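Participant: I'd like to ask you about the structure that follows.
Since every read-out is calculated from the coordinates, none of them should be taken as a lab result. None of these values were measured; they are calculated from a predicted model. Cβ: placed from backbone, ideal geometry, glycine included. Neighbour counts: every protein chain shown.
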Amino acid sequence: MGVLRMITQKLFNQPLQASRNPTAPAIYAKDLSCPSELKAALTRFLPEYLLPFTTSDLFSCIPPRLAAEHLMCYVGSHRTGTAMHRDLCSTIGHNIMIYADEGGFSEWLFIPKEQRDELLEASYPNKSDSPALPPSAINKRYNAAGVSKSTFLESDRAWISKSSLKKSGIRTQVVIQRPGDLVLIPSMCYHQVRNVGTSVKAAWNRASAYSLRLALENQLPIYQTIIRPELYRCKAMVYYSLCNWSKKIRSCLKSGDRRPDWTPWFREECEILCNTFLEHVIYPEMVEAIPSEGVSDEGIDIIMSGTGMYTKTCNFCHADIFNRHYHCTVCQDFDLCLLCYSQGRGCAHMDTLTMYQGSTSLKMYIDIYASFIETMNEAFERFAEGWKPLDYILNDENQSKSLATICRRIEAYRRRNGLLSNYFACGHCNAVVSLHDLYAQDHLDLEAVFGQHLCRALAEDDKNNIVYVCAKCSKECQDGCETLSPRQHEMVQRVFYTPPDHDNRTWGGPSDWGMYNFTGHA
């Protein structure tokens with residue numbers, strides 16, 4: 001406590017008790033490295049399951065070279081605090097107040113994730129007390145009349161008053177935190193903090209199988225859209241956690257020691273982790289062979305190995321790259337995640353971008369998944385009774401095409417068509433349409449076009465360069481055309497966490513309105 005008191009007094013250059021002086025500057029020091037004395041103190045008075053980097057925290061499974069520091073200290077003077085936000089990557093938040101001046105406290109406002117739509121509206125910059133945004137931070141297409149919601153909420157800069165919350169009918173829980181109080185923040189729960197008097201806190205996050213699934217399904221897609229760094233390497237954490245759990249369970253089975261914590265809860269966590277690994281790590285990177293389009297799993301170069309594994313980030317959206325991604329050999333050190341590539345994002349050399357991967361083969365990840373299934377079937381009865389081989393899932397016509405398959409189709413089409421690759425001819429009526437018009441008029445994007453299962457009457461023809469059938473023809477076709485599924489353009493003002501022009505090499509896709517993009521439309 002003496003260390004933190006010294007830090008606080010040095011920051012304010014005045015006695016702590018005088019911190020409510022109206023003439024004193026408001027100072028908020030956040031994300032300070034936690035002193036070792038405080039780390040030791042936390043282990044003495046908190047139970048193990050609440051501490052960071054313990055067996056119940058999946059951050060403990062990831063190698064130190066990949067782990068982000070998230071045990072931090074916060075020193076805030078009177079009238080400071082944190083705007084409405086959610087903890088990174090759906091993690092479970094912990095915040096303990098270890099000092100406050102006399103009568104000091106913090107007021108927390110908690111709002112459940114189910115009320116996000118109402119919060120998006122309440123946080124619209126024109127309606128809130130938030131500062132004006134730079135023009136480059138706002139996607140112009142989503143700043144039109146009639147738009148009443150804003151992703152400004154996800155920028156961690158939106159302050160919302162209690163009167164605004166009440167007026168909007170948003171269910172809010174108010175918590176008063178005083179010295180010694182530990183506040184737990186559920187996954188994906190919005191919260192805002194206001195300090196009364198000076199206070200010192202320690203905060204950390206923990207990850208579970210459930211929180212990782214929430215991150216990959218809900219929060220990371222938002223980050224990717226608004227260009228917000230991920231930092232926590234969620235896919236790598238899923239992979240390392242699965243390996244760690246599998247090793248421990250096999251060791252217990254081998255020794256005949258069935259641990260008491262193999263409860264229904266633990267089985268459920270294993271199921272969540274296993275399914276998350278399949279749905280969000282392995283399957284998106286699998287490639288379905290389409291010989292008529294020159295699409296296969298072959299010819300993917302290796303660019304990451306050893307300590308470089310899982311360390312790359314996308315130069316457009318800043319997402320952490322797990323394995324397969326796109327790399328430009330012309331731009332200096334330019335990498336692109338699969339999702340950005342599938343959305344038309346990239347650089348000026350779009351028709352030459354090629355897929356790369358790490359030195360660990362996709363087959364090895366698949367083998368790890370299959371091995372985990374076998375281990376869990378031995379530990380728990382009928383853990384995965386109906387499990388099907390992944391190649392069966394990949395070639396199932398009722399299954400949506402994997403992200404990597406969509407990307408490889410786009411890559412092959414661009415390689416054949418060069419500068420004309422954002423134009424498509426219908427395989428039946430031969431009408432030509434641009435990607436820009438498909439997006440603006442029919443709400444179709446690259447992922448929708450190349451995610452379509454091509455008509456059986458066209459699939460065998462490798463000379464006509466057809467990857468698209470228009471909506472009218474697909475409805476009239478009797479040979480098994482799949483109707484394209486339009487994307488619902490959410491009427492929300494898109495405020496970027498990082499302006500898209502942060503890197504002058506990046507070219508936006510159709511949804512990144514206002515950027516110069518490959519179609520030539522701005």
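Participant: Per 10 Å bin, what percent of the C-alpha pairs of region 243-361 does each bin hold, from zero upward?
Facilitator: 11, 33, 26, 17, 10, 2
Participant: Also: Using θ = phi - 60° and the Karplus curve 6.51 cos²θ - 1.76 cosθ + 1.60, what whole-Hz ³J(HN,Hα) does each residue of region 167-177 get, with Gly and Pro shown as x?
Facilitator: 4, 7, x, 8, 5, 10, 9, 10, 10, 9, 10
Participant: Using alpha carbons only, what's the Rg to Rh ratio of region 168-266 with Rh from Kirkwood?
Facilitator: With Rh from the inverse mean 1/r over Cα pairs, Rg/Rh is 1.08.
Participant: How about region 165-225: which trypsin sites (Lys or Arg not before Pro) there lie in a loop by DSSP and see at most 16 other Cβ atoms within 10 Å?
Facilitator: Those that pass, being in a loop and sparsely packed, are ARG171.
Participant: Of the listed peptides 238-249, 178-189, what is their order by residue-averaged count of other C-beta atoms within 10 Å, with the highest listed first?
Facilitator: 238-249, 178-189
Participant: Are any of the pairs LYS113/LYS167; LYS149/LYS401; LYS166/LYS201; LYS113/LYS166; LYS39/LYS113; LYS113/LYS162 more than 20 Å apart by Cα-Cα distance, and if so, which?
Facilitator: In this structure, LYS149/LYS401; LYS166/LYS201; LYS39/LYS113 lie more than 20 Å apart at Cα.
Participant: Taking each pair of different alpha-carbon atoms in region 31-80 once, compute 1/r for the pair, average those values, and report the inverse of that mean as the Kirkwood hydrodynamic radius in Å to one decimal.
Facilitator: Taking every pair of different Cα atoms in region 31-80, averaging 1/r and inverting gives 12.6 Å.
Participant: How would you order 443-451, 87-95 from highest to lowest mean count of nearby Cβ atoms within 10 Å?
Facilitator: Packing order, densest peptide first, comes out as 87-95, 443-451.
Participant: What is the pair-distance distribution P(r) of region 394-444, computed from all Cα-Cα distances in 10 Å bins starting at 0, with each bin given as a whole percent?
Facilitator: It works out to 21, 42, 35, 2, in whole percents.
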